[in-house]
Amino acid sequence: MLVVGIAARQDVLDAIRAAIMQVGRGPPDLDQRGRVERPARIYALGERAEVGHLTYTAYETQWLPQIGEGPAARVPQHRFFEVRVSAANNGAAETIVPNATLVDDSGHTYDELSAGDGVPAWLGFVRRAQAGETLQGLILFDAPPQHYKLRVTDESADLSANIDIPLSFSSAPLSAPGTDLSK
């Protein structure tokens, strides 16, 4: 009886998919859990991106050929890319703030670097935020200079949003709000 019920459900799903394809929209994209995927909303630089219990804001960016000076300088494969962000936990419990990903216009991705040596106000790689807490600082990537979207996710990585990062070059150092880099 159970097998017949599952087979009947599959027939219904196949019929729905066939009807959608006849309309010309193509089959729906499904996530790993079989739910229809919703495209991630795109936010502008400086705009609040709400994703589940987390709210992200990317404020400004800077490209760097190296971090530090002399023989101890860190040299990237491409360029270092700093992004000044904040992440607010709007939930009722402590949560992990996931790492962000850069996505270029061709779909290539660049993961956040796990080491922030020499980066003032580095936000860190493993980030915990208490309920109601807002984390602020810099995140770091190694990527070629071009237009990107910063993909941010909720604490379970079920929901995501993209923050549009236009290509720009700035020579002023970035800092988290309220951070004095002259020390």
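Bear in mind that the values in this text are calculations on the coordinates, not laboratory data. On a predicted model such as this, the values are computed, not experimentally measured, just so you know. For neighbour counting, all protein chains shown are included, and Cβ atoms are generated from backbone atoms with ideal geometry for every residue, glycine included.
Overview of values
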quantity	calculated
FRET efficiency, ILE42 to SER114 (Cβ-Cβ, R0 22 Å, nearest 0.05)	0.25
³J(HN,Hα), Karplus 6.51/-1.76/1.60, whole Hz, each residue of the range 50-66, x for Gly, Pro	8, 9, x, 7, 10, 10, 10, 9, 9, 9, 7, 9, 8, 9, 10, x, 6
